[in-house]
1. Contact list please: Cβ distance under 6 Å, first residue in the range 236-249 and in contact (Cβ under 8 Å) with a residue 40 or more places away in the chain, second residue in a loop (DSSP other than H, G, I, E, B), pairs at least six apart or on different chains.
2. Would you mind finding the one in 28, 63 that is touching a residue at least 12 places away in the same chain (Cβ under 8 Å), under 25 Å from residue 151 (Cβ atoms) and touching a helix residue (DSSP H, G or I) at 6+ places or on another chain (Cβ under 9 Å)?
3. Given the criteria assigned to a helix (DSSP H, G or I) and under 43 Å from the mean Cα position of the chain (by Cα), does residue 219 qualify?
4. Can you tell me which residue within the range 25-38, out of those that are modelled with pLDDT of 95 or more and out of contact with any Cys (no Cβ under 6 Å at 6 or more places or on another chain), is nearest to residue 103 (Cα to Cα)?
5. For the range 240-255, enumerate the residues that are surrounded by 13 or more Cβ atoms within 10 Å (Cβ to Cβ) and either at pLDDT below 85 or in contact with a helix residue (DSSP H, G or I) (Cβ under 6 Å, 6 or more places away or on another chain) (or both).
6. Find the residue count for the range 198-216, including only residues that are in contact (Cβ under 8 Å) with a residue 24 or more places away in the chain and either in a strand (DSSP E or B) or surrounded by 17 or more Cβ atoms within 10 Å (Cβ to Cβ) (or both).
7. Quick check on my filter: what residues within the range 258-278 are part of a helix (DSSP H, G or I) and surrounded by 13 or more Cβ atoms within 10 Å (Cβ to Cβ)?
Amino acid sequence: MPRESRTREIPRSSGVYQIRCVITGQIYIGSAVDLRARWSAHRRNLGRGEHSNRFLQEAWDHYGEANFEFSVLELVADSERLHAEQSWIDRTGCTDREIGFNIYPMASSPGDLNAQLWEGFVDPDGNEITIFNLHEFCRQQGLDFPSMHRLAMGKSKLKSYKGWTHKNSVRKREYVKTYDGFIDPEERPAGPITNLAAFCRENGLDKTHMVAVANGRICSHRGWTHENGRQNKHELRRYTGFISPDGRRVVITNLKAFCQEQGLGQAHMHEVKSGKRKSHKGWTWREE
């Protein structure tokens, strides 16, 4: 019998249904206010590879639509629907992976295909998170549901989405690299940073620039430096000709730090050294 004819035989009534893989015998138990509309929604999402139940999706992709059948288990009033669905879930043991595809052992809320447990997500801090109702979670956290769904289904071309990853991601993230040796603008060691992208978002920094600082390609980024990074050429230069206001010759090996400590202008001190300026706050220059 053609598929559309079989679909029209499904009543537009409230009840409990079963989706069964005829090859493995595994089942999925659910309920709906409109059984025919729910089966159409299941087929549409499964055909697009976007179903919220990854176990059912994997079986559908492997065995094909022709090897799945939809059947009505019980017609009940909407007020009794979740109670009846729970009874069938308990009776069949469909959350046992050898028996069925159901993920969550409790009957879902009306009309919500996403009210299930979603395991395997890793948050931006590296913690593995289990999510119940992915759609609602994304709404509350300001995340894009399709992007998070693609990560969970292993269909995303990206390693992550806003710092979130999933164990099913096609491209595995080199997670998590720890950066040691950063020095903050107050010249204090920052300690190990295990998620540089999240750290940069929280502190208004650019990750690309911070990586460049760590690798020595640039000296600093917004005051941040690295103990093993590239040093400013002026900081490495040894200055032996500066004369202090009290007439002493002072050898300076880090002009930037010296000026910060003494309340001097680094640019003005360079002008004193080059002869453009005679003095700066009593400091002069005289070659040895």
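The values are calculated or read from the model by the stated rules, or taken from the named source; none is laboratory data. If you're wondering where the values come from, they're calculated on a predicted model, not measured in any experiment. Note that each Cβ is placed from the backbone with ideal geometry, even for glycine, and that neighbours are counted across all protein chains shown.
1. Close Cβ pairs satisfying both conditions: 240/288; 241/286; 241/287; 243/286.
2. The match here is 28.
3. So residue 219 fails the test.
4. Filtering the range 25-38 for residues that are modelled with pLDDT of 95 or more and out of contact with any Cys (no Cβ under 6 Å at 6 or more places or on another chain), the one nearest to residue 103 (Cα to Cα) comes out as 28.
5. 252, 254, 255
6. Total meeting the criteria: 4.
7. 258, 259, 262, 266, 268, 269, 270, 271, 272, 273 - these are the residues of the range 258-278 that are part of a helix (DSSP H, G or I) and surrounded by 13 or more Cβ atoms within 10 Å (Cβ to Cβ).
Residue-wise test of (1) among the basic types (Lys, Arg); (2) at pLDDT 85 or above.
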| position | (1), (2) |
| --- | --- |
| 144 | no, no |
| 156 | no, no |
| 162 | yes, yes |
| 181 | no, yes |
| 191 | no, no |
